[in-house]
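Written out below as structure tokens is the structure these notes cover.
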Amino acid sequence: MRLRDLTLANRVWLSPMCQYSADEHGAPTDWHLAHYGARAAGGVGMVMVECTAVAPDMRTTVGDLGLWSERQVEAHRRLADVIRSVGSVPAVQLGIAGRKSSHGVPWDNTGTRHPVSPADGGWQPIAPSPLPFSGLAKPRTMTAEDIDRVLGDVERSARNAHRAGYEILGLQGANGYLFHQFFSPLANERTDAWGGDLEGRLRFPLAVVAAMRAGWPENKPLVIRTPVTDLLDAGATVDDAEELVAGMAERGVDLVDINSGALVPEAPRPSQPLENTRFAARLRRLGVLTATSGSVTDARQLHEAIPDSVDALFIGRAMLRDPYWALRARGGRPTDTWPKQYHRAF
Ligand SMILES: Cc1cc2nc3c(=O)[nH]c(=O)nc-3n(C[C@H](O)[C@H](O)[C@H](O)COP(=O)(O)O)c2cc1C
């Protein structure tokens, strides 16, 4: 598959999945080298490294990776090199958590629905409007200066991702992160230019895309995980998403990674395999490539969806369970497809 100047060996990709295992400087550790290295050797066409924050207050937890410092760039360079050297394409997903920031990691006794206060090493979340996510802290309303600052953080992180050697730049634009918070009328109650009607709600997401493009070389692709509907009355709709995606395409987005729901815990959770592919046809008409993720566990589902419904699939939990999921899904003779170091196993 081609994306701008890049050729990918296949259309089965590692979905970005937070490991909450950054060091105290927000940099990748040996865990990330081992985890992503195994999956890169496991036959995926692209490894999308987990949500990586554009600024300290845009992390979800203290274990999140970041791309705001030189130290982080150096550690990411090692990670991108490992992914490339064992045969995959290194990509990184930028993260801007907004009101979903400053919570516990999943395995500690606080968990992701519990806020971590500034007194306990957390920070004050900021968001379009002072509406908290579930049990997390009430966010401070972003000022025009905050918005400018975050857009600058996005551009710097894009530049840093390029300097670290990543080939594809992603963004967590869905799952109720800041891009989604501005886009959805359920999280954006602003009455200034950054909210109100659809044009106002699109202003920040489209400015984020422009900032990513400004810091990222023209010949390298952009992939945005996009909230195509909130799946709730009064939430963002597929019609809204068509406007969003048309604007994203104009600003140089190559591929839309279709997501739905997840702005608030009450939203229905798509749980059927390939459920989000039903939105792809409308988006493809706007001149973007499409991918999605969700409950794919079987190689037959890949053939069902690619290329008729979507151009590629991100595989998440199945690849946490098995780093060689993609090689098994490919089938054929293992000695034609598996790393030569493993041929004696067959
Ligand atoms: C442990 C874990 C961490 C995740 N972290 C991220 C993330 O950093 N960014 C993101 O966009 N999605 C994240 N997700 C969602 C996955 O990328 C994927 O979209 C979702 O799990 C559905 O696909 P699956 O059924 O193949 O796992 C995470 C999921 C899991 C299980």
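The values are calculated or read from the model by the stated rules, or taken from the named source; none is laboratory data. The structure displayed is predicted, hence computed values, not measured ones. Cβ: placed from backbone, ideal geometry, glycine included. Neighbour counts: every protein chain shown. Calculation scope for accessible area: heavy atoms of the full protein, side chains included, ligands and nucleic acids excluded. Shrake-Rupley method; radii C 1.70, N 1.55, O 1.52, S 1.80 Å.
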Q. Can you tell which of E242, E189 is more than 30 Å from V73 (Cα to Cα), among the acidic types (D, E), modelled with pLDDT of 95 or more and touching a Gly at 6+ places or on another chain (Cβ under 7 Å)?
A. E189
Q) If you go through the stretch 299-346, how many residues are over 23 Å from the mean Cα position of the chain (by Cα), farther than 29 Å from D254 by Cβ, assigned to a helix (DSSP H, G or I) and not aromatic (F, W, Y)? A) 8
Q: Within the stretch 48-64, work out how many residues are open to solvent by less than 20 Å² (accessible area, probe 1.4 Å) and within 12 Å of the ligand (Cβ to nearest atom).
A: 10
(Q) Cβ contacts < 9 Å: first residue closer than 14 Å to A211 by Cα and in contact (Cβ under 8 Å) with a residue 40 or more places away in the chain, restricted to the stretch 238-252; second residue polar (S, T, N, Q) and surrounded by 16 or more Cβ atoms within 10 Å (Cβ to Cβ), any location; separation 6+ or different chain. Result? (A) M248/T226
Q. Is at least one residue of the stretch 67-75 in contact with a Ser or Thr (Cβ under 9 Å, 6 or more places away or on another chain) and either part of a loop (DSSP other than H, G, I, E, B) or under 23 Å from P334 (Cβ atoms) (or both)?
A. yes
Q. For the stretch 182-297, which strands (runs of 3 or more DSSP E) that fit wholly inside it have 2 or more residues that are hydroxyl-bearing (S, T, Y)?
A. 289-293
**Q.** Residue among A34, A75, A27, A41 that alone is within 17 Å of R163 (Cα to Cα), hydrophobic (A, V, I, L, M, F, W, C) and open to solvent by 20 Å² or more (accessible area, probe 1.4 Å)
**A.** A75
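Kindly establish whether H35 is in contact with a Ser or Thr (Cβ under 9 Å, 6 or more places away or on another chain), farther than 24 Å from K220 by Cα and not basic (K, R). First the steps, then the outcome.
Values: in contact with a Ser or Thr (Cβ under 9 Å, 6 or more places away or on another chain): yes; farther than 24 Å from K220 by Cα: yes; not basic (K, R): yes.
Here the answer is yes, as H35 does meet what is asked.
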Q.
Residue under question is P221, and the condition is that it be under 25 Å from E155 (Cβ atoms), surrounded by 16 or more Cβ atoms within 10 Å (Cβ to Cβ) and touching a residue at least 24 places away in the same chain (Cβ under 8 Å); does it hold?
A. yes
(Q) Which condition from (1) over 21 Å from F204 (Cα atoms); (2) open to solvent by 20 Å² or more (accessible area, probe 1.4 Å) is the one that S102 breaks? (A) (2)
**Q.** Scan of the stretch 288-346 for residues that are within 20 Å of L3 (Cα to Cα) and open to solvent by 80 Å² or more (accessible area, probe 1.4 Å), ordered by number
**A.** D308
Q.
Looking only at residues that are open to solvent by less than 50 Å² (accessible area, probe 1.4 Å) and touching a Gly at 6+ places or on another chain (Cβ under 8 Å) in the stretch 271-284, which one is nearest to D240 (Cα to Cα)?
A. N276
